[in-house]
Every structure is written in C-alpha cells, then in structure tokens.
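Encoded as structure tokens, the structure appears first; notes follow it.
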Amino acid sequence: MKTYDAIIIGSGQAGGPLAKKLAAAGKKTAIIEKRYVGGTCVNDGCTPTKTWVASAKMAYLAANSKHLGVNITSFTVDMPAIFKRKAEIVDMFRSGSQSGLEATDGVDLIFGEASFTGEKLVNVKLNDGINVELQADLIFINAGAKTAIPNIPGLEDVDYLTSTSILELKTIPESLLIIGASYIGMEFGQMFARFGSKVTLLEYSARALSREDEDVAEEVVKILEAENIKLYTKASVTKVDKQPNGKINAHISIDGKEHAFTYSHILVAAGRTPQTAALMLDKAGIETNERGYIKVNDQLETNIKGIYALGDINGGPAFTHISYNDFTIVYRNIIEGANLSTKNRQVPYCMFTDPPLARVGVSEAEAKKAGLNYKVAKLPMAHVARAIEVGDTRGFMKAIVDADTKKILGAMVLGQEGGELMTVLQMAMLGGITYEQIRYMVFAHPLYSEALNNLFISFTDQ
C-alpha cells in the first residue's frame with residue numbers, strides 16, 4: 001500500500017493541470033492514466049478532429065474558389081498526408097502534457113487501470129499486469145466518457161467506426177452512414193463529404209439539433225444538404241449485415257417505413273456513456289445516477305467527503321472547457337479556501353462545422369419556456385459586410401435580450417468566426433453590458449464583430 005495526499009484517476013483536461021497544481025501546493029499526488037495522457041480532447045476529440053476539419057475546409061475552398069476569381073481546375077485529397085499531420089500534432093500535444101507531468105516534483109504518473117477497493121482505496125492494474133494499491137484522503141475522478149454503442153442486430157459483426165477509431169482511417173470511405181445527427185455526427189459528416197465520401201446522417205428525433213432553436217437547426221441542415229449530405233429524421237437502423245465484398249447492408253426505418261441501403265462504412269455517433277463501470281464505485285460507496293454518471297454537488301464533490309468527480313464523468317456539460325473549469329473550481333476551493341460552485345456559470349460551446357455554430361446562454365425556446373420578458377435580435381450573415389467581402393454569407397447571428405434591463409441573456413452565431421463573435425457577446429453578458437451599449441460601441445472596420453452594431457439596430461431605432 002502506497003499513501004498519497006491526492007489520487008487523480010484520468011489525465012484529461014481537469015486531471016493533468018490539477019496534478020501539477022496540487023503538487024505545487026505541497027501535496028504528494030498520483031495521477032493514473034490507462035491509455036494516453038491528455039484525455040479525449042487531445043487524443044480523440046478536439047485536437048485531431050480540428051486538424052481534419054482544417055484539411056476538409058481547404059478542400060472545400062479549392063472546390064468553391066471560382067466565385068472569387070480563382071480557377072482551381074483539379075485537386076486531390078491525400079488522406080495519408082492528412083492522417084500524418086494529425087498524428088504529429090496529437091503526438092506533440094500528448095507528449096508535451098506527459099513530459100510536463102513527469103517533470104513535476106511531487107507527481108507520480110502511473111499507467112494502468114484504476115478501480116476502487118474501498119472508500120479511499122484504489123487498486124491500479126498496471127499496463128504490465130502488476131497490481132498496486134494506493135490510498136489518499138483526496139481523490140479526483142476524471143475518467144471521462146466513451147461512445148455509446150446502440151443495440152442494433154448485426155452491429156457487432158461489422159467493422160463499425162466510432163469517433164475514436166474513424167481517426168485511424170488512412171483511406172476515404174466511399175460511402176459513410178452516420179448513426180446520430182448531432183454535433184459529433186455533423187462535424188464528421190461534413191468533413192468526410194468534403195474529402196469525397198457520400199455521406200448519410202440519421203437522426204432518431206423529429207429534427208436535428210434538438211437543443212437548438214428550430215430556425216438554427218433548419219439553417220444548419222440547409223448548409224449540410226447544400227454539400228450533398230443526406231439527412232433523415234425520425235430514422236433508426238433496425239439491422240445491419242455484411243456482404244461478401246465487405247460492404248454493409250443497413251436496414252433503416254425512416255418515418256415508420258423500412259428501407260435498405262448499402263454503405264462502405266458506418267460511424268456510430270449516437271451519444272456518449274460515462275467510463276464508470278470498471279471503477280467499481282460501489283466499493284467506495286460513490287453514488288451514480290440512472291445513466292451511470294457520478295453524482296456531485298455544486299462544488300463537484302460526490303456523496304463521499306474528499307472524493308470529487310470532474311469533467312464528462314459527472315454528467316455535466318460535456319465540453320473540454322467545462323472540465324478545465326471544474327479543475328479551477330476544485331483547486332481554488334481546496335487549496336485557496338475559496339467557496340466557488342458550478343451554479344450559474346456560463347456554458348459556451350461551438351460545433352465546428354463550416355461555418356461553425358456557437359452558442360452561450362439561453363435560446364429563444366428556453367426563454368419562452370421560462371416565461372421571460374425577452375426580445376430577439378437576428379441578423380443574416382448576408383447583411384454582414386465582412387462576410388460579403390470574404391464571400392461566405394451562410395448562416396446568421398441571433399441574440400436573446402431582456403426587454404426591461406436590455407442585458408443579453410443568450411447569443412448564437414452560425415457563420416464564419418462564429419465562435420469568436422459569440423465570445424464577444426459572452427463577455428458582454430458577464431460584464432452586464434447592454435445591447436444599447438453594443439449598438440453604439442466603436443468596433444474596428446471591417447471586422448465581423450462590427451456587425452454587432454447592426455444586430456441590435458432594430459431595437460434602438462424603434
């Protein structure tokens with residue numbers, strides 16, 4: 001048995017920085033990682049996918065350059081080169097994170113799979129097969145989530161892809177069926193369509209992107225369909241089977257009617273599930289909800305004092321930046337004596353389709369449901385000077401404001417530089433800046449942000 005001041009399970013965007021900060025505060029810390037340092041973001045999510053998104057956008061720009069007076073008559077997509085660039089960037093980020101932990105005095109980086117054997121006891125099955133026992137008064141669980149695999153007859157018998165395994169492809173799928181038309185599915189769908197795949201997206205619900213306002217979802221779908229991506233709603237796969245030539249037959253129910261299609265590849269992107277099963281949480285008395293996520297209070301502590309759950313595994317917003325914010329809350333509370341919580345924190349996010357979709361705060365549907373006294377500002381990107389000059393006027397921006405205080409309650413931007421524009425409005429929300437102030441603020445010309453003047457022009461000119 002080896003005793004530490006703190007044990008961290010998982011080296012994601014909360015675990016890694018937390019280990020270094022705890023060690024700097026004088027706490028002997030063990031951080032356990034069963035696979036790669038950096039978590040989903042560095043290895044399977046943000047970093048690798050955004051390198052491929054960049055390559056896909058370059059292919060799109062090459063194919064659509066004529067209207068800007070540049071005639072590119074032909075180009076090819078070099079998938080092995082795209083893979084190599086992705087792998088090199090991932091390795092740079094991963095190795096940098098690992099070396100940073102290994103160089104930190106007071107931190108032991110342990111590679112293996114962790115499971116609880118008692119309330120403050122952790123067994124680690126090392127990657128070489130040896131078991132070691134650890135104990136600590138402080139334990140932080142940052143083990144993340146993985147792809148949820150639906151119960152579809154025949155699925156286990158075909159070589160289906162997940163958001164992790166698809167990143168190992170070095171050839172372009174001829175035809176790609178994506179089960180799940182949410183954020184992950186849409187990013188991969190547009191990406192591979194631009195690489196040259198014939199892409200079909202399936203959405204079980206009556207419409208795609210159910211968390212977004214209907215006008216937003218409709219515009220995103222319109223953008224994807226303009227790139228020859230098929231999207232079916234009220235759709236589900238009832239059975240799959242493999243042909244002798246390796247192709248996959250998919251039997252699909254669309255709005256109650258059965259259809260049969262053939263694809264070269266299937267990507268499962270129908271949600272995520274927490275990696276709690278192997279942790280043996282019951283032996284520590286740690287409570288989970290009906291979906292397996294670890295229950296935490298608003299200071300991210302479980303029902304067991306001194307044990308915390310950070311990031312995707314606690315069932316909160318599943319974003320890298322939220323995991324990192326979890327770390328800052330827990331660290332400052334424990335080491336600096338702060339009294340911070342997750343209540344009312346801003347949850348911005350961005351879907352990296354092209355153009356991207358970015359949102360923070362309440363949507364129009366949420367404002368209506370809550371009975372707020374609100375107004376809606378909306379501006380098509382076709383009315384944004386910079387978008388016209390750049391030659392991409394797809395999408396629009398939208399803000400929900402308090403009709404009485406004139407403060408911004410929520411913002412959405414679907415358009416080029418959407419994430420950056422949303423962040424400007426997010427900071428306005430945090431600072432209590434009114435839409436009237438933004439309407440008359442001086443922005444540099446000709447920036448996308450300058451269009452925020454015009455977003456609120458109808459309110460001030462009434």
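Miscellaneous remarks
- On inspection, residue 116 fails the criterion of being surrounded by 16 or more Cβ atoms within 10 Å (Cβ to Cβ), of a type in the set (Phe, Trp, Tyr), in contact with a strand residue (DSSP E or B) (Cβ under 7 Å, 6 or more places away or on another chain) and closer than 21 Å to residue 16 by Cβ.
- Pair list, Cβ < 7 Å and 6+ apart or interchain, from the stretch 354-376 residues that are in a helix (DSSP H, G or I) to residues that are of a type in the set (A, V, I, L, M): 364/376; 364/400; 367/400; 367/409
- Only one of 168, 187, 218 that is surrounded by fewer than 21 Cβ atoms within 10 Å (Cβ to Cβ) and within 16 Å of residue 355 (Cα to Cα): 218
- Matching residues in the stretch 194-218 - criterion: being of a type in the set (Gly, Ala, Ser) and farther than 12 Å from residue 176 by Cα: 205, 206, 208, 210, 217
- Every test in (1) over 21 Å from the mean Cα position of the chain (by Cα); (2) surrounded by 14 or more Cβ atoms within 10 Å (Cβ to Cβ); (3) closer than 30 Å to residue 6 by Cα; (4) touching a residue at least 40 places away in the same chain (Cβ under 8 Å) is passed by residue 142 save one, and that test is (1).
- Any chance residue 364 is under 13 Å from residue 410 (Cβ atoms) and either acidic (Asp, Glu) or buried (at least 18 other Cβ atoms within 10 Å of the Cβ) (or both): yes
- Under the condition of being surrounded by fewer than 24 Cβ atoms within 10 Å (Cβ to Cβ) and assigned to a helix (DSSP H, G or I), the residues counted in the stretch 392-421 number 2.
- Among residues of the stretch 50-72 that are outside the structural domain of residue 186 (by TED's automatic domain parsing) and without any contact (Cβ under 8 Å) to a residue 12 or more places away in the chain, those with a Cβ under 6 angstrom from a residue that is surrounded by 15 or more Cβ atoms within 10 Å (Cβ to Cβ) and part of a helix (DSSP H, G or I), sequence gap 6+ or separate chain, pair up as 72/62.
- Filter result for residue 78 (of a type in the set (D, E, K, R) and surrounded by fewer than 21 Cβ atoms within 10 Å (Cβ to Cβ)): yes
- From 125, 66, 120, residue being more than 26 Å from residue 276 (Cβ to Cβ) and basic (Lys, Arg): 66
- Candidates 428, 444, 399, filtered to the one that is under 26 Å from the mean Cα position of the chain (by Cα) and free of Cβ contacts under 8 Å to residues at least 40 places away in the same chain: 428
Let's see how each residue does on (1) outside the structural domain of residue 331 (by TED's automatic domain parsing); (2) touching a residue at least 60 places away in the same chain (Cβ under 8 Å); (3) closer than 22 Å to residue 180 by Cβ; (4) under 28 Å from the mean Cα position of the chain (by Cα):
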| site | (1), (2), (3), (4) |
| --- | --- |
| 225 | yes, no, yes, yes |
| 236 | yes, no, yes, yes |
| 246 | yes, no, no, no |
| 266 | yes, yes, yes, yes |
| 293 | no, no, yes, yes |
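- When the stretch 190-203 is filtered for residues that are buried (at least 24 other Cβ atoms within 10 Å of the Cβ) and farther than 17 Å from residue 61 by Cα, the ones remaining, listed by number, are 199, 201, 202, 203.
The values are calculated or read from the model by the stated rules, or taken from the named source; none is laboratory data. Please read all numbers here as calculations on a predicted model, not as lab measurements. Reconstructed Cβ throughout: ideal geometry from the backbone, glycine too, with neighbour counts over all protein chains shown.
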